[in-house]
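Q: Following this message is one structure expressed as structure tokens.
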Amino acid sequence: MTGTGHRLSTFSIVLGTTSSPFAAILSLFGSTFPDSSEYIIFGKRRNRYHRRWTHWFIPWAFLAYICFQRSGWIVPKISTLIDGKNAHFDVWSCVGFWFTGCVLHILEDAWCGTVPFLRPWKRDIGFHVFHMSKKFGEMSRGEKNFVWCCILIGIIAFLVRTYTIEDFVRIITEFMKSI
């Protein structure tokens with residue numbers, strides 16, 4: 001997937017899951033790190049090692065688990081970070097959501113190719129639900145559809161988690177009165 005596709009789908013998935021824009025932004029920042037780390041480690045030889053060690057989900061998932069365990073499984077709040085009272089829990093949670101972005105990057109890549117499962121040197125699990133564009137940085141039609149589905153599901157989940165049925169009824173009745 002492209003960097004834009006990773007950022008949009010990761011943001012939407014985490015926003016819909018947590019109803020926290022802050023957690024979604026943190027995951028967005030981690031969503032391109034597995035690819036960025038290949039440039040840092042391998043430089044010009046990046047394509048030779050693409051989707052190998054940096055796309056092995058086990059270390060990223062383990063680090064996310066450790067961070068969330070240390071945080072007490074909370075969703076971070078900016079107010080707690082600014083206030084400073086028990087902010088260390090929120091810092092661990094922030095890092096956990098950053099690593100969650102890395103894990104989601106790998107899962108998203110598995111939708112359009114293969115990634116390592118148990119052996120980090122061998123890409124052996126994945127689906128070809130859609131193909132990538134031949135042009136660098138351009139989203140294919142399949143990737144656009146995938147990203148739009150993630151955005152739509154994320155928005156619906158966010159609205160359902162944020163508002164109650166009474167809120168929806170009130171909004172609809174007010175809208176009908178205005179017509």
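Read-outs throughout are calculated quantities, based only on the coordinates presented, and are distinct from any laboratory measurement. These numbers were taken from a predicted model, which means no experiment stands behind them. Don't worry about glycine lacking a Cβ; one is built from the backbone with ideal geometry, like all the others, and counts go over all protein chains shown.
Q: What ranking do Trp53, Trp73 get, fewest neighbouring Cβ atoms within 10 angstrom at the top?
A: Fewest-to-most ranking of Trp53, Trp73: Trp73, Trp53.
Q: Would you mind telling me which residue in Glu38, Glu166, Glu108 has the biggest mean-square fluctuation in a Gaussian network model of the chain, where springs connect alpha carbons within a distance under 10 angstrom?
A: Glu166
Q: Once Lys and Arg get +1 and Asp and Glu get -1 on their Cβ, which of Met176, Thr162, Ala87 lies farthest toward the positive end of the dipole of the chain?
A: Positive-most Cα among the choices belongs to Ala87.
Q: If you don't mind, there's one more thing I want to ask. Would you kindly compute the Cα radius of gyration of the stretch 92-179 and its largest Cα-Cα separation (Dmax), both in Å?
A: For the stretch 92-179, the Cα radius of gyration and maximum Cα-Cα distance read 19.2, 62 Å.
Q: May I ask for the equivalent-ellipsoid semi-axes of the stretch 56-112, computed as the square root of five times each C-alpha gyration tensor eigenvalue and listed largest first in whole Å? The partial results should precede the final answer.
A: On the way: eigenvalues 130, 25, 8 Å².
With the √(5λ) rule applied to the stretch 56-112, the semi-axes are 26, 11, 6 Å.
Q: Among Gly43, Val147, Cys67, pick out the residue whose Cα is farthest towards the positive end of the charge dipole of the stretch 3-178, where Lys and Arg carry +1 and Asp and Glu carry -1 on C-beta, about the Cα centre.
A: Gly43
Q: Then there's this: For the stretch 24-177, report the convex hull volume of the alpha-carbon atoms normalised per residue, in Å³, without decimals. Please list the in-between numbers first.
A: On the way: hull volume 26.5 nm³, N = 154.
Cα-based convex hull of the stretch 24-177, divided per residue, equals 172 Å³.
Q: Now, a different point. What shape does the stretch 1-104 take by its C-alpha gyration tensor, where a ≥ b ≥ c are the square roots of the eigenvalues and a/c under 1.5 counts as rounded, a/b above b/c as prolate, and the rest as oblate?
A: Judged from the Cα gyration tensor, the stretch 1-104 comes out prolate (a/c at least 1.5, a/b above b/c).
Q: A further question follows. Go ahead and estimate [θ] at 222 nm for the chain from helices alone: -39,500 (n - 2.57) per DSSP H run with n ≥ 4, summed, over the residue count, rounded to 500.
A: Calculated at 222 nm, the ellipticity per residue is -21500 deg cm²/dmol.
Q: Charges only on Cβ, +1 for Lys and Arg, -1 for Asp and Glu: so what's the dipole of the stretch 1-103 about the Cα centre, in debye to the nearest 20?
A: 440 debye
Q: Next up: Ordered by packing density, taken as the mean number of other Cβ atoms within 10 Å over each peptide's residues, highest first, how do 137-149, 121-133, 24-36 rank?
A: 24-36, 137-149, 121-133
Q: Below 12 angstrom from the Cβ of Pro120, what's the summed charge of the other residues (Lys, Arg +1; Asp, Glu -1)?
A: Counting the neighbours of Pro120, the net charge comes to +4.
Q: Would you list the membrane-span-like helices of the chain, meaning whole DSSP H runs whose alpha-carbon atoms span at least 15 Å along their axis and whose mean Kyte-Doolittle value is at least -0.5?
A: 3-18, 57-71, 87-110, 141-162, 165-178
Q: If you put +1 on each Lys and Arg Cβ and -1 on each Asp and Glu Cβ, how big is the dipole of the stretch 3-178 around its Cα centre, in Debye rounded to 20?
A: In total the dipole reaches around 760 debye.
Q: Show me the ranking of peptides 40-46, 14-20 by mean Cβ neighbours inside 10 Å, starting with the highest.
A: With the highest mean Cβ count within 10 Å placed first, the list reads 14-20, 40-46.
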